Amino acid sequence: MFMIKKILCGIVLFSVFILCGCGKKEELPDKLTVIKERGHLIVGVKYDTKPFGFVDRDNVLKGYDIDLARIIAKKILGNEKQVVFKQVYPHNRIAKLNSGEVDLLIATMTITPQREEVVRFSKPYYTVGQAIMVPQGSPVETIANLNGKRTIVVLGTTGEKNLRRFAPEARVLGYKTYEEGFRALREKRAMAFTTDDTILSGFAQDYPEFVILPQRYTKEGYAIAMKKSHSTDSLAIDIDNILEELTRDGTLVALKHKWVPSESDKFILSKRMKRQIK
Ligand code: GLU
């Protein structure tokens, strides 16, 4: 009897708690409305990841992801200049998104089931594969050859995770930025550097003494990340619609041609596309 009373009492107290709204999480304002009222988008991008987000010799931030952010700002706010960029790294980008420091991440970010637990992803806008970069003439031919060898990764990336999976005996050298990782490779602190083929191609273009091995170990989709919350429901719909439109009208292929030409040799840029992406 005493037990039943106790349970009933618990149910009553719980109902009062719910009715009073005491258990309610704080509702965040609708993100799309916040962005429109603020008048600009705040986008987390890479500054060290050529050709997606990098600072050139004249100190200008540019790349595929930067162009995509400007196109999205134009679609949402009517002006491609209404965007503020903030530098993010793989190890801190999710924290910056979830703290509200940035509205979106457009940062060479692969969709993974683990990340889907903590952020909301758009549809994919670009496909990459994990590759290995080595100095010309290296004896390394496959990822399995990296077992027992020092290999560079950038911390918090899918490259780090996959290396530990595909070459569990590799001696992993982790860096926070791509610049530091590539410097370590040039200084011969490791046998190889592994990450997305597109990112490695940015270095290989500038430093022909390094080559990217032909094999790819994954197929990964880059997507735009938003906070995982009802506050981004309408923003996420808009972003997906925009990406669909950019796929349909050829803008995404044009961006690929502009920034990663080795992957789109056969693509002929129409005049309209040239105008759209400048
Ligand atoms: N796309 C990979 C990832 O999301 C590597 C590049 C990066 O992190 O920026 O982990």
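In the stretch 102-116, what count of residues is obtained for those that are within 13 Å of the ligand (Cβ to nearest atom) and part of a strand (DSSP E or B)?
Looking only at that region, the number is 2.
Yes/no matrix, rows are residues, columns are (1) closer than 30 Å to Pro139 by Cα; (2) surrounded by fewer than 23 Cβ atoms within 10 Å (Cβ to Cβ); (3) in contact with a Phe, Trp or Tyr (Cβ under 7 Å, 6 or more places away or on another chain):
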position: Thr195; (1), (2), (3): yes, no, no
position: Asp206; (1), (2), (3): yes, yes, no
position: Phe210; (1), (2), (3): yes, yes, yes
position: Arg216; (1), (2), (3): yes, yes, no
position: Asp233; (1), (2), (3): no, yes, no
position: Ala236; (1), (2), (3): no, yes, no
position: Ile239; (1), (2), (3): no, no, no
position: Glu244; (1), (2), (3): no, yes, no
position: Thr247; (1), (2), (3): no, yes, no
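Find all pairs meeting these conditions: Cβ atoms under 9 angstrom apart; at least six residues apart or on different chains; first residue within the stretch 43-63 and without any contact (Cβ under 8 Å) to a residue 40 or more places away in the chain; second residue aromatic (Phe, Trp, Tyr) and away from the ligand (no atom under 11 Å from the Cβ).
Val55/Tyr47; Leu61/Tyr47; Leu61/Phe54; Leu61/Phe85; Lys62/Phe54; Lys62/Trp259
Do you know which of the residues in the stretch 221-231 that are buried (at least 21 other Cβ atoms within 10 Å of the Cβ) and of a type outside the set (Gly, Ala, Ser) is farthest from the chain's Cα centre (by Cα)?
If we take residues in the stretch 221-231 being buried (at least 21 other Cβ atoms within 10 Å of the Cβ) and of a type outside the set (Gly, Ala, Ser), then Lys227 is farthest from the chain's Cα centre (by Cα).
Would you tally the residues in the stretch 138-179 being of a type in the set (D, E, K, R), within 14 Å of the ligand (Cβ to nearest atom) and over 21 Å from Ile94 (Cα atoms)?
Final tally of qualifying residues: 2.
One residue is enough: does the stretch 63-70 have a residue meeting the conditions at pLDDT 95 or above, in contact with a strand residue (DSSP E or B) (Cβ under 9 Å, 6 or more places away or on another chain) and assigned to a loop (DSSP other than H, G, I, E, B)?
There is at least one residue in the stretch 63-70 that is at pLDDT 95 or above, in contact with a strand residue (DSSP E or B) (Cβ under 9 Å, 6 or more places away or on another chain) and assigned to a loop (DSSP other than H, G, I, E, B).
Starting from the stretch 150-168, take each residue that is touching a residue at least 40 places away in the same chain (Cβ under 8 Å) and list its partners that are small (Gly, Ala, Ser) and near the ligand (Cβ under 8 Å from one of its atoms), counting only C-beta distances under 9 angstrom and pairs at least six apart or across chains.
Close Cβ pairs satisfying both conditions: Val153/Gly159.
Could you check the stretch 163-180 and list, in sequence order, the residues that are outside any strand (DSSP E or B) and of a type in the set (D, E, K, R)?
If the condition is that a residue be outside any strand (DSSP E or B) and of a type in the set (D, E, K, R), then Arg164, Arg165, Glu169, Lys176, Glu179, Glu180 are the ones that fit.
The values are calculated or read from the model by the stated rules, or taken from the named source; none is laboratory data. Note that this is a predicted model, so its numbers are computed, not measured. In this analysis, Cβ positions are derived from the backbone assuming ideal geometry, glycine residues included, and neighbour counts consider all displayed protein chains.
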